[in-house]
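S.K.: One structure, as structure tokens, below. Some questions next.
The values are calculated or read from the model by the stated rules, or taken from the named source; none is laboratory data. Keep in mind that this is a model prediction, so the values were computed, not measured. Don't worry about glycine lacking a Cβ; one is built from the backbone with ideal geometry, like all the others, and counts go over all protein chains shown.
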Amino acid sequence: MPDAILPSTILALPFVAAVLAWLLRSRGRNLAVWLMTGTALLGLLLALWLYPAITGGGALRQLIPWAPGLGLDLVLRVDGFAWLFMLLICGIGALVGIYARYYMPADDPLARFFALLLAFMGSMLGIVMSGNVLQLVFFWELTSLFSFLLIGYWHHGASARDGARMALVVTSGGGLCLLAGVLLLGHIVGSYDLDVILAAGDAVRAHALYLPTLLLILLGAFTKSAQFPFHFWLPQAMSAPTPVSAYLHSATMVKAGVFLLVRFWPVLGGTDAWFWIVGGTGLLTLVLGAYAAMFEQDLKGVLAYSTISHLGLITMLVGLGSALGVVAAIFHIVNHATFKASLFMAAGAVDHEAGTRDLRKLGGLRRFMPVTATLALIAGAAMAGVPLLNGFLSKEMFFAETLASRNGPLLDVLSVVIAVAASAFGVTYSIRFVRGVFFGRVPATLPREPHEPPLWMRVPIGLLALACLLVGVLPARVIGPSLRAAASAVLGAGQLPPYSLAVWHGVTTPLLMSVLAFGAGCLLFVSLRRCFATLEAAPLTGRFSGKRIFERVMAVVAADLPQRIERRYPSRRLQPQLLLIVLLALVAGTLAATSAPFGFQPRWSSVDPAFALLWLLGAACAIGAASQAKFHRLAALVLTGGAGLVSCVSFVWLSAPDLAATQLLVEVVTTILILLGLRWLPKRIEGLAAESRTHRFRRRRDMVIATAVGLGVASLAYAAMMHPVADSISRFFLERAYTEGGGHNVVNVILVDFRGFDTLGEISVLAIVALTVFALLRRFRPAAESINAPAQQRLQTALGASGPGRAADHSLTDYLMIPGLIIQLMAPVIVLFGLHLFLRGHDLPGGGFVAGITVSVALILLYMARGARWVEAHLRVLPVRWIGLGLLLAAGTGLGSLAFGRPFLTSYFRHVELPVLGELPLASAVLFDLGVFVVVVGATTLMLIALAHQSLRRPRQAPATAAEGEG
């Protein structure tokens, strides 16, 4: 396989495997495990294959055209630093997959778990391989989304839901800051390409927008890597399954922030602002995390706070501003990944076999779990910085950097003292972790009888512990080439500072600092041993909980602030809210119109009297609908349909059959929707006499505003159609619809080819709206007093219904007096007509959208004719799957063009000669249109079914709909 396409292959592998794991979830847990581990191992092998291309500071780039007209392309860039992260992500990902197979309960939906884990892996690979900073932000937010789903995987627990929500709010909020920061960065440099940005460090640091750019990017990095004061979300994420915690803390998610700091060090580093903000934040996080970890009672809590501390150490190294500090930071990123993943897996094994993670309830487990105890001892010693293990080497480099810093006598001494103190804390919590679990007395009240975990749960722990040992004993051979390649990629091949990975450097000051820290940590453990068993939180800092602050802020934003707004603007009616929106639009339009140069003159002589009469009829219908809305709603609905019908005829008059067909079908669906919701409206006013002076004023006011807005929109439309530019735009599409899009139907070619990206966004929005409507209505049942009971009773009486209970099991045709057999016979004809519209849409009026609406009408008519129970007993309606399939088909069609080196959603067409059928035009855009068709059918049907179930007052004990079964 050529090296040029390997980056895209590596990136695509996890996402493809995630989709396969989701689709094949009924095949058993073993297939999902094989997908996870196989994908990770294949990605690891392909990454190793790239090593010759990235040595010596080189970088491999792959450019995939996306939207060249906007200057946006997908750029995958693999240098030594990204390559090192790829090894961590794929290598530890494979071990986590093996471990999770035996850790996760047998009754858990493991296919869903591994699908999310694979997508998480792909998102992290996207961050490290992005050669475009906007693309990096996209994958950055994807990691927040998938971590939210993984942390809250056991969503039946309140702690998992709360932890997932907190992680999502903090990290996605930081992601928005990062987006603003990279937009400023791109504005400064004039490009969003990472290579261009990395080469423009001097220009960025000298720019007036440097400081806001720095602050915004650092907010993104600090929130992701749990730096003070955003560190509180990470311990709350410990409700996640242990394989997720091991992966999140070692090679993904929290490492994304420090990756970003190292990546942008050549651009943003080297200034006083960088030193004070990054170095100071790292120093505070290092100390606070280590201090809090000593007093934690939960095994995973100890490891979580220790992760915060080590991330602070890495941040401080990057913030010092020296090239050697960057080398030490990269080295410690790798070391921390290995021993932290091993320790999390060991903690999970203890919890899995002993039934608890509480340090106060554990002890003496080395008698029952000798292998696990030995492996945990090695990893814990690496975390403490014991010689001949990898943690010792990077910590010694950290001490050397603090000694080498020259920022004033007081600050230099203070940084050395804090570094030794934090390292002593690290020794203390490492001893507490190992001794508290595996040594001492065996508690008599363990929830389970402990024993060694299965072999394949111990293998990943052992391999990671072995890596800690090999790097500690043979650092130059094991990690030396990789570290050199990564450091050269960040600093430049010619800027690499001299450093040594020797195990023994003699009796040096950093060695003495290590000895002092180890001895102080041991003494601290002995002196605080009794306090550890009694304290629930760290003294002093335990009172200042970031979690409580976050919860108070969320309470204000989500509860107090909306309540204050509601008290100030107490109306819950929709009309005042719509009035405010319409008035704001009217004011904005008026202000814009006063300064807009209108260079056209109305051509009244070209107005056809018959067409004008048609519009007068439509205006009369609209005015009649408005006047009847509060008195006779069914009449208002009919008149509204009349106005819509006039719009359809207008489109036909103006030679726009596509728009006419779409308008007609949308009118049908809208009419059905309103019919389903009429019975929920409040009791109407009987007669004009009941209308007060206030009501009359409001109606006249609304009429004036509506007339003004209508005239404004009509003027805007007329100005747009009469403007000379409009003719040039239409000519452009008319001339190129067939030559470049392969279709004679210009409207459909615009939708699926020229503006295909817009259409993809529109159907995505439609899918989100449909799912939101269904989520709101699936559990909503209107209270008895909210239903227009008098109107309902009169309707039942007029149509012959026997009582209010009869509506529960009857279809709408019982009320509309339409024979159900007629509608049932019409449904196949309507479906066939919809397919006809779809197949002819590329060359003749039709298309995926109008065809989808047509088929949706057939389905909802069946609901009206036979009722929900009959339809769902004879037809397997799965609208959620339709929506998912349609989105995948539309996106897959766009991605297919990338395989041929063309921009996203580039269509291809040709004419094929077939027997009997003759010459047949084929275009790839038809597949995209098929995706639109499927999404429209699924989304429309989902919304209308949800409304139909509500309007038919389905009893609570009735079986759930097919759509609910999917939800």
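S.K.: Yes or no: ARG406 closer than 16 Å to VAL434 by Cβ and surrounded by fewer than 23 Cβ atoms within 10 Å (Cβ to Cβ)?
M.R.: Working: closer than 16 Å to VAL434 by Cβ: no; surrounded by fewer than 23 Cβ atoms within 10 Å (Cβ to Cβ): yes.
The answer is no for ARG406.
S.K.: Something else: Can we say LEU825 is surrounded by fewer than 20 Cβ atoms within 10 Å (Cβ to Cβ) and at pLDDT below 85? Please lay out each step first, then the result.
M.R.: Numbers: surrounded by fewer than 20 Cβ atoms within 10 Å (Cβ to Cβ): yes; at pLDDT below 85: yes.
Yes; evaluated as a whole, the condition is true for this residue.
S.K.: Is it the case that ALA111 is over 26 Å from LYS224 (Cβ atoms) and within 21 Å of the chain's Cα centre (by Cα)?
M.R.: Working: over 26 Å from LYS224 (Cβ atoms): yes; within 21 Å of the chain's Cα centre (by Cα): yes.
For ALA111, the condition - over 26 Å from LYS224 (Cβ atoms) and within 21 Å of the chain's Cα centre (by Cα) - is met.
S.K.: Please go through the stretch 428-448 and give me each residue that is assigned to a loop (DSSP other than H, G, I, E, B) and in contact (Cβ under 8 Å) with a residue 12 or more places away in the chain, ordered by number. Walk me through how you get there before you give the answer.
M.R.: Taking the stretch 428-448 as the starting set, the residues that turn out to be assigned to a loop (DSSP other than H, G, I, E, B) are 439-448.
Those that are assigned to a loop (DSSP other than H, G, I, E, B) and in contact (Cβ under 8 Å) with a residue 12 or more places away in the chain: PHE439, GLY440, ARG441, VAL442, PRO443, THR445, LEU446, PRO447, ARG448.
S.K.: Whether any residue in the stretch 589-605 is within 25 Å of VAL652 (Cα to Cα), assigned to a helix (DSSP H, G or I), modelled with pLDDT of 80 or more and more than 38 Å from the chain's Cα centre (by Cα) is what I want to check.
M.R.: Within the stretch 589-605 (the criterion being within 25 Å of VAL652 (Cα to Cα), assigned to a helix (DSSP H, G or I), modelled with pLDDT of 80 or more and more than 38 Å from the chain's Cα centre (by Cα)), the answer is no, since none of the residues qualifies.
S.K.: Identify all residues within the stretch 154-189 that are crowded, with 20+ Cβ neighbours inside 10 Å, touching a residue at least 60 places away in the same chain (Cβ under 8 Å) and not aliphatic (A, V, I, L, M); write none if there are none.
M.R.: Once the filter is applied, which keeps residues that are crowded, with 20+ Cβ neighbours inside 10 Å, touching a residue at least 60 places away in the same chain (Cβ under 8 Å) and not aliphatic (A, V, I, L, M), the stretch 154-189 yields GLY163, THR171.
S.K.: Can you find even one residue in the stretch 285-301 that is closer than 30 Å to VAL204 by Cβ and at pLDDT 90 or above?
M.R.: Of the residues in the stretch 285-301, the ones closer than 30 Å to VAL204 by Cβ are 285-286.
Now restrict to residues that are at pLDDT 90 or above: 285-286.
The answer is yes, given that some residue of the stretch 285-301 is closer than 30 Å to VAL204 by Cβ and at pLDDT 90 or above.
S.K.: Tell me which residues, restricted to the stretch 420-446, are polar (S, T, N, Q) and touching a Gly at 6+ places or on another chain (Cβ under 7 Å).
M.R.: Here is the first cut: in the stretch 420-446, the ones polar (S, T, N, Q) are 423, 428, 430, 445.
Those that are polar (S, T, N, Q) and touching a Gly at 6+ places or on another chain (Cβ under 7 Å): SER423, THR428, SER430.
S.K.: Looking at PHE425, PHE398, PHE392, which one is assigned to a helix (DSSP H, G or I) and closer than 18 Å to VAL318 by Cβ? Working first, answer last.
M.R.: On the way: PHE425 fails: closer than 18 Å to VAL318 by Cβ; PHE392 fails: closer than 18 Å to VAL318 by Cβ.
Criteria check complete, one pass: PHE398.
S.K.: Specify which of the listed residues (LEU63, LEU74) is at pLDDT below 90, surrounded by fewer than 17 Cβ atoms within 10 Å (Cβ to Cβ), not in a helix (DSSP H, G or I) and not acidic (Asp, Glu).
M.R.: Details: LEU74 fails: surrounded by fewer than 17 Cβ atoms within 10 Å (Cβ to Cβ).
Every option except LEU63 fails the conditions.
S.K.: Here's a follow-up. So if I check each of ALA801, ALA808, which one is at pLDDT below 80 and assigned to a helix (DSSP H, G or I)? Full working, then the answer.
M.R.: On the way: ALA801 fails: assigned to a helix (DSSP H, G or I).
It is ALA808.
S.K.: Cβ contacts < 7 Å: first residue in the same structural domain as VAL302 (by TED's automatic domain parsing), restricted to the stretch 357-371; second residue of a type in the set (S, T, N, Q), any location; separation 6+ or different chain. Result?
M.R.: Within 7 Å, the pairs are ASP358/GLN297; LEU359/GLN297; ARG360/GLN297; LYS361/THR445; LEU362/THR356.
S.K.: Determine if the stretch 931-938 includes at least one residue that is in contact with a Phe, Trp or Tyr (Cβ under 7 Å, 6 or more places away or on another chain) and modelled with pLDDT under 85.
M.R.: Within the stretch 931-938, none of the residues are in contact with a Phe, Trp or Tyr (Cβ under 7 Å, 6 or more places away or on another chain) and modelled with pLDDT under 85.
S.K.: Can I ask one more? Checking the condition hydrophobic (A, V, I, L, M, F, W, C) and over 27 Å from ALA891 (Cα atoms), which residue from LEU95, LEU74 passes? It would help to see each step written out before you state the result.
M.R.: On the way: LEU74 fails: over 27 Å from ALA891 (Cα atoms).
Result of the check over LEU95, LEU74: LEU95.
S.K.: Right, something else. Being farther than 17 Å from ALA337 by Cα and either of a type in the set (A, V, I, L, M, F, W, C) or at pLDDT 90 or above (or both) narrows it down to one of ALA465, ALA485, so name that one. Spell out how you get there, then give the answer.
M.R.: Numbers: ALA465 fails: farther than 17 Å from ALA337 by Cα.
The unique qualifying residue is ALA485.
S.K.: Among the candidates LEU613, LEU675, LEU645, LEU664, single out the residue that is modelled with pLDDT under 85 and either out of contact with any Gly (no Cβ under 7 Å at 6 or more places or on another chain) or assigned by TED's automatic domain parsing to the domain that holds THR941 (or both). Full working, then the answer.
M.R.: On the way: LEU613 fails: modelled with pLDDT under 85; LEU645 fails: modelled with pLDDT under 85; LEU664 fails: modelled with pLDDT under 85.
Answer to the selection: LEU675.
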